[in-house]
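Structure first, then comments.
Nothing in this text is a laboratory measurement; each read-out follows from the coordinates by a stated rule. Predicted, not measured: the structure shown is a model, and the values here were computed from it. Glycine gets a Cβ as well: all are built from the backbone with ideal geometry, and neighbour counts include every protein chain shown.
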Amino acid sequence: MPHIHFGWGIRQQLIENLQQAKHQKIVLISGKTLAQPGEFADLLYQAIKPHSHIKHFTVSGEPSPDIVDEITQQCDADTNIVIGLGGGSVLDAAKAIAGLIPSQTSVMDYLEGVG
């Protein structure tokens, strides 16, 4: 069963959890802010890099089915951790991608009346 963590103070908890997680395949979905150098981004990458493999994708605006599918196809089916850091669109994308990674299917297989 997946573990979902959210809420105030989650950034510190995330850093602590990632420092303990070894040899993980991690997908990070974020907005543009995290893609820029900064204190939290630096801490996050320091926590991840020693023991894990990370793929970082940036989402801006409402994620289209094509964007969700494109990111999903670039992720390994045995990804262990999906992290969504950002606003509503980033979290929507991260949730959809996390659900699609194991099966490597298209988001369109699960949507009705799009377009």
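Name the residue, out of ILE71, ILE29, that is in contact (Cβ under 8 Å) with a residue 60 or more places away in the chain and under 13 Å from the mean Cα position of the chain (by Cα).
Numbers: ILE71 fails: in contact (Cβ under 8 Å) with a residue 60 or more places away in the chain.
After applying the criteria, what remains is ILE29.
Cβ-Cβ under 9 Å, sequence separation 6+ or interchain: first residue in segment 80-104 and more than 17 Å from PRO65 (Cα to Cα), partner in a helix (DSSP H, G or I) and among the aromatic types (Phe, Trp, Tyr). Which pairs?
Here the result reads LEU85/PHE40, each pair linking segment 80-104 to a residue that is in a helix (DSSP H, G or I) and among the aromatic types (Phe, Trp, Tyr).
Just checking, which of ASP42, ASP69 is of a type in the set (Asp, Glu) and under 14 Å from ILE97 (Cβ atoms)?
Values: ASP42 fails: under 14 Å from ILE97 (Cβ atoms).
Residue meeting the stated conditions: ASP69.
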